[in-house]
Structures are given as C-alpha cells and as structure tokens.
1. Of all residues in the stretch 246-259, which are part of a loop (DSSP other than H, G, I, E, B) and more than 16 Å from the ligand (Cβ to nearest atom)?
2. Out of 382, 394, which single residue is under 24 Å from the mean Cα position of the chain (by Cα), surrounded by fewer than 23 Cβ atoms within 10 Å (Cβ to Cβ) and outside the structural domain of residue 111 (by TED's automatic domain parsing)?
3. If you take the residues in the stretch 260-294 that are charged (D, E, K, R) and away from the ligand (no atom under 11 Å from the Cβ), which one is nearest to residue 123 (Cα to Cα)?
4. Against the condition in contact with a strand residue (DSSP E or B) (Cβ under 9 Å, 6 or more places away or on another chain) and outside the structural domain of residue 115 (by TED's automatic domain parsing), how does residue 298 come out, does it pass?
5. Which one of these is crowded, with 18+ Cβ neighbours inside 10 Å, basic (Lys, Arg) and closer than 30 Å to residue 375 by Cβ: 191, 231, 183, 131?
6. Hey, could you check the stretch 343-364 for residues that are outside any strand (DSSP E or B) and in contact with a strand residue (DSSP E or B) (Cβ under 7 Å, 6 or more places away or on another chain) and say which is surrounded by the fewest Cβ atoms within 10 Å (Cβ to Cβ)?
7. Could you list, in sequence order, all residues of the stretch 118-157 that are of a type outside the set (Lys, Arg) and near the ligand (Cβ under 8 Å from one of its atoms)?
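The values are calculated or read from the model by the stated rules, or taken from the named source; none is laboratory data. Quick caveat: nothing in here was measured; it's all calculated off a predicted structure. When we count neighbours, we look across all protein chains shown, and the Cβ atoms used for this are built from the backbone with ideal geometry, even at glycine.
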Amino acid sequence: MNPLSAVAEVGAKTTEEKYREYLMTGFVKAVTPVVIDHAEGATVRDVNGRTYLDCFAGISVVNAGHCNPEVTAAAKAQIDKLVHCCSYMYHVPVVADMAEKMAEITPGRLKKTFFANSGAEAVEGALKLARLYTGKKEVISLEASFHGRTYATLSVTGNSSRKKRGGPYASGVAFAPAPYTYRSQWESDERCGEECAKAIENVFRFHTSGDVAAFLAEPVMGEGGIIVPPRNYFKAVKEVLDRHGILFIVDEVQSGFGRTGAMFAIEHYGVEPDIMATAKGIADGFPLGAFTSRDEIAAAFQPGDHLSTFGGNPVSCAAGLANIQFMQKHDLPGQAKRKGEYVIGKLRAMQSKLPLIGDVRGLGLMIGIELVEDAKKTPATAKAEAAKAACLKAGLLLGVGGVYGNVLRLQPPLVITQEQLDRALEILEKALREVSA
Ligand code: PLP
C-alpha cells in the first residue's frame, strides 16, 4: 500500500462518523448500521460487498426496482439536455408528457397535475387547492394517519409519535377514527367500515364549525401500520362528504404506482377522489411529488397562487414517465397483486403456528404483520425491532411501523422475483421464531 495514502487514511473519518458529525440524523431512532453503496432490482449492496434483499424499497419508493435501467437511461438523456429552467415558462416536452400520463393513469376525471418535489409538498398543495376551490377552511383527517413532516402536514397527521415536541399545530383539523378493524371494537370488517364512515358525520357535526373544505385519507394507511380500510368504507364516506360539499383528497403518496395491486389503491374502493396527492413511487427514486385534480377544481389556482422552484424538474419528470411506461409494459400492478396474494398466504400459514403474529394484512405488496404479546393484543414493540434486527443480520431489509411500532412492513420493489420472495419469507420466519422463543 502506498504509505502516503495510509497516512491519509489514519485521520480519515468513516462514512458512519461523518453521518454522526455532519448530518441531522433525527429521522430514525438508530441509523441502520449498514453503509449502502449500490443497488439493483430488489437487492442492495453495502460498501463491504454484502448483499441484502430489500423488502422495504427505500420506504416504498423504488417500485420498478433499484436503478431500473429504463428509468435511469431516460434521466441520463434528459440531464444532457436540460436539468432545470424555471416553472414560470413552458419547457421541455417531457414535463407536459408526464402530466398527460398522469391524466391517463389517475382515476376518473382527475386530469390536471401540479408537480412538486415530495409527498409532504404534494399534500400541502392539495390542501391549499381544496381550500381555494371550496372557499372553506377546515379539514377532517384520520387518527393513525401520516401525511408528512412539514408543519401543515403534521397538523393533519393523526399520530402523536410523529408530532411530539413540535406542537401546537395548526387549528381547523378534526380527526375521525381510523378504519382499523383489528383494533376496533367491531368484529367484522364490514361493520367497522360502516361505523367508521358514520363517525365522519359526527366529527363534522361536533368537532368542526361546519366550514370543512376537505376530508384527507390514505387509502391504505402506511405509517399507521398498513391499515387496510374495509371495502365498504370509502363509498360510505363519500356519501357523507357529498352531503356536506366536502372534497375528498386521497393521499396515495405511499400506496400509489402499482404498490397495492392497482395503479392507485383507491381503485379498489370504486370511489373517485377530487384531488390525489402522489410522490414516492412516481419516479422510482427521483424526487418528484404531484397533486392531480379535475379541471374545474384546478381552475381555482389563479396565476401566482402556487409555485415550487424545483417542482416538475425535467430530469425527475423524464424518470417518472419512463417509470410509468415500464410499469404499464410489465404490468407491475398485476405483478404486485399476484405476488402479494402469495406472500399473504404464506404469512397466514406462519400466523397459525406463531401466536406472536396477531394480524396479517395488506393489499398487493403493501403488507403488514402486526406482532402482539398475548391474546389481549398487547403490542410487541420490542419484538418487532428485534425481528427487524435479526432479518438485517440475515441479509433482509424490512420496515417497522404502526402507531405502536409493532408492525413489520413488507413493501419490496414490485419487480422482486419469486425466488427472492421465498428467501425473504424464509429469513423472516426464522427471525420470528427466534424472537418468539
Ligand atoms: N403521505 C404519506 C401517506 C406518506 O407515507 C408520506 C411519507 O412517508 C408522506 C405523505 C410524506 O412524503 P415525503 O416524505 O416525500 O414528504
């Protein structure tokens, strides 16, 4: 070894040390002690050459796989032409093409898109548009929801663990019960859906001044613990909203782009939202967020009402367009549906043998495994963390979430292979047996 480079290395800080010294790593309890170097499909490799099977997809982002060659090629081609100009002039066709694609794939009459950079920015923009269109101010959101980490999106987030040390938050937000059958007082999904939808009428009547612009909900509640609302829920909710002239903003930031076995999760419920917020899976990891609405609602934005300097960045839009084309060409929603059914079947079989597994739920490849200590459903929070750590040790990345931090989250890239799924299930079962013992 060159002695000079050896001298330089003595004082050099490792990546972990630099992270601790120079980054605000307040985003997680403990940074996962792995230094990722590169990734492909459903695998990531660390700087020591160890490969991990990725069942979290960068928090449900790289639905078309890490470094999807079609997506990166489109982005690279765009980089050589134009990286940024400004959002107050028409530029490069790819931004308009991406907006046209959004009109094609979003449900019903949703047509006009505003491009932002993140999920939180998309939700904030959607709230602003709803307020301008209706001339009303208040919002009804759900308990156990998550909508982002900015002040406004935390104000509409129904989870104190995400909000702690940040209050007081914006007023004008009322929370309705989450349609969370497993922890509700109702035995059946159907009854839970019915009662939780009815509760929105009560929230409107008793917890707001009646000046409600929008109801905001995730069609599958990701951070809340992969809570899948009952099939009758959103239709019944929509009836309440229509009675009071309240818009329905669907937050598809985590559930969108094929993740749940449909392009958008709200399609499972046969309801047309008024505004849809998206991000995460929209561009396979390139920063892009969006909100999309009908012509007449979008017209509530007057010139100068809304702008985002980087929003609709041409490189991200090129990536987004290639990403959606890839999804359509390879039917990623259909793949997610089939693979998800397979995984849920296997997990239910595990549940019958392991009392630690209280509930298995999900749609497509958005799957939650709720761990409990006993028949009273005491959340097994520490065991969820221990299972995640055991999986990491065995080469599997997955997430932990839920309002009690006791839900393991499986949200792999939708391109994950059968062999990789089987391997992931094998590691997971072993980890769950270990922490059960
Ligand atoms: N909405 C939902 C449903 C989310 O899951 C998230 C992030 O996890 C957000 C909004 C915020 O997105 P971002 O982190 O891109 O701001």
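1. As a first pass, look at the stretch 246-259 and keep what is part of a loop (DSSP other than H, G, I, E, B): 246, 252-259.
Matches in the stretch 246-259: 246 only.
2. Numbers: 394 fails: under 24 Å from the mean Cα position of the chain (by Cα).
The unique qualifying residue is 382.
3. So in the stretch 260-294, the residues charged (D, E, K, R) come out as 267, 272, 274, 280, 284, 294.
Filter again for away from the ligand (no atom under 11 Å from the Cβ), leaving 267, 272, 274, 284, 294.
Values: 267: 19, 272: 17, 274: 13, 284: 19, 294: 16 Å.
Checking each candidate, the answer is 274.
4. Taking the combined requirement at face value, the residue does not satisfy it.
5. On the way: 191 fails: crowded, with 18+ Cβ neighbours inside 10 Å; 231 fails: crowded, with 18+ Cβ neighbours inside 10 Å; 131 fails: closer than 30 Å to residue 375 by Cβ.
Only one candidate passes the filter, namely 183.
6. Initially, the stretch 343-364 is screened for residues outside any strand (DSSP E or B), giving 343-356, 364.
Subsequent filtering for residues that are in contact with a strand residue (DSSP E or B) (Cβ under 7 Å, 6 or more places away or on another chain) retains 343-344, 347-348, 350-351, 356.
Numbers: 343: 24, 344: 20, 347: 24, 348: 13, 350: 17, 351: 18, 356: 23.
Of everything passing the filter in the stretch 343-364, 348 is surrounded by the fewest Cβ atoms within 10 Å (Cβ to Cβ).
7. So in the stretch 118-157, the residues of a type outside the set (Lys, Arg) come out as 118-127, 129-130, 132-135, 138-148, 150-157.
Matches in the stretch 118-157: 118, 119, 120, 121, 122, 123, 145, 146, 147, 148, 150, 153.
The rows are residues; the columns are (1) in contact with a Pro (Cβ under 6 Å, 6 or more places away or on another chain); (2) touching a residue at least 24 places away in the same chain (Cβ under 8 Å); (3) under 30 Å from residue 303 (Cβ atoms).
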position	(1), (2), (3)
136	no, yes, yes
162	no, yes, no
167	no, no, no
189	yes, yes, no
197	no, yes, no
229	yes, yes, no
233	yes, yes, no
240	no, yes, no
245	no, yes, yes
